[in-house]
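Novice: Here you go, one structure.
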Amino acid sequence: MLGAPDGPIHRRVPGFHVIRLGPAPGEYGWIHVTAGLWEATQHHGHALEFVLHAPEASDRHVQTLAMLSYYHASGGSFALDHGHTVPIGRPWVSGSACDHILVSLPYPWGPSLEDCQLPDGGHIRVLWLLPITKAERQFKRANGLEALESRLEQAGIVPTDPHRASVVDSPGLLRRVTSRLRRGPASDPHPWRS
């Protein structure tokens, strides 16, 4: 069990911490799970916790979870739920193109992780924070969550691969290249640059 990084998370989510689980035999990646978010945000016994699957054990992932938990605990229009996307302001892992998070169902672990019943009748819903690219976020906004999830599944992404390629083309790139090509080489000798 890890403490939260120093910062405002302790004021908004006093009991916040992260549980880090190493890979089981034959598996890859580290699982980071929030704890304490439910207590700070529950309404009538129902609230969320988050899970992030990463290629390594790193405090960077604890910081990402703290940032998104703080954001979520702000409530109102900041509350996160299934299908929401959030920019995180940096690559989730150094060198990665993924700098956004998709709040998703915990598909790799199934519904038994998503739905945690508490003895007092309360309920914790655990949602997966899946790193995605800006282009994937824009694709989701234009085409819907189901279309993006379908692309991710068809591409067979490895969620813990920090260097995975985007499953969608960069929005507007084809339009920009086509426009430059129409102008001809004299106006732009390098039409592929954006």
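Novice: Where the eigenvalues come from the Cα gyration tensor of region 77-130, what are the semi-axes √(5λ) of the equivalent ellipsoid, largest first, in whole Å? Each step should come with its number before you reach the end.
Specialist: Values: eigenvalues 141, 35, 14 Å².
So the equivalent ellipsoid measures 27, 13, 8 Å along its semi-axes.
Novice: Please tell me the relative contact order of region 1-108 in percent, rounded to the nearest whole number, where contacts are Cα pairs under 8 Å and at least six residues apart.
Specialist: It comes to 20 percent, rounded to a whole number.
Novice: For region 126-162 and region 73-92, write down the distance between their C-alpha centroids in whole Å.
Specialist: 15 Å
Novice: Then there's this: Can you give the direction-averaged projected area of the convex hull of the alpha-carbon atoms in region 2-167, in nm²?
Specialist: Result: 10.0 nm².
Novice: Continuing with this model, one more query. With charges only on Cβ, +1 for K and R and -1 for D and E, what is the dipole size of region 86-158 about its Cα centre, in debye, rounded to 20?
Specialist: 400 debye
Novice: Further, regarding this structure: Quick one, can you get me the convex hull of the C-alpha atoms of region 39-128 expressed as volume per residue in Å³?
Specialist: 111 Å³
Novice: Next question, about the same structure. Quick one: net charge around Ile157, please, counting Lys, Arg +1 and Asp, Glu -1 for every other residue with C-beta under 12 Å from its C-beta.
Specialist: Result for the neighbourhood of Ile157: -2.
Any read-out appearing in this document is the output of simple, stated calculations on the displayed coordinates, not a laboratory observation. Small disclaimer: the values here were computed from a predicted structure and weren't measured. For neighbour counting, all protein chains shown are included, and Cβ atoms are generated from backbone atoms with ideal geometry for every residue, glycine included.
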